[in-house]
Amino acid sequence: MSTANYNYNYAIVLYDVGEKRVAKMFKICKQYLKHYQKSVFRGHITPANYLELKAKLKSAIDPQHDFVAFIRMLGESSFYEESLGNTGVDPEATII
């Protein structure tokens, strides 16, 4: 699925990171989205701000141990999910 043609204006971000990085992740997300619950943020966001948020979070995590998921709304009933870092799932164990 190509994501280049979509204009994302609503996103949900959730994360599971090491204790030392929790406050930093919270602070970054709070700049762009509304705090919803624990490590979940959501709200309207421009495509440029989404890319900025994603870059900041990517530089703040330890990709071997941390996990960040972005769920972007494509329309009234459609969404696209993207992840950074360790999802806890072995991709070679996935059966297709």
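The values are calculated or read from the model by the stated rules, or taken from the named source; none is laboratory data. Treat the numbers as computed from the prediction; the structure is a model and nothing was measured. No Cβ is skipped: glycine too gets one built from the backbone with ideal geometry, and neighbour counts run over all protein chains shown.
Per-structure values
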quantity	calculated
Residues satisfying the stated conditions in the stretch 16-32, i.e. among the β-branched types (Val, Ile, Thr) and in a loop (DSSP other than H, G, I, E, B)	VAL17
Odd one out for ALA23 among (1) of a type in the set (A, V, I, L, M); (2) exposed (fewer than 14 other Cβ atoms within 10 Å of the Cβ); (3) touching a residue at least 40 places away in the same chain (Cβ under 8 Å)	(3)
Qualifying residue in the stretch 71-93 (condition: touching a Gly at 6+ places or on another chain (Cβ under 9 Å), surrounded by 11 or more Cβ atoms within 10 Å (Cβ to Cβ) and modelled with pLDDT under 95)	no
Filtered residues of the stretch 33-65 (kept if exposed (fewer than 14 other Cβ atoms within 10 Å of the Cβ), among the charged types (D, E, K, R) and either touching an Asp or Glu at 6+ places or on another chain (Cβ under 8 Å) or not in a strand (DSSP E or B) (or both))	LYS38, LYS58, ASP62
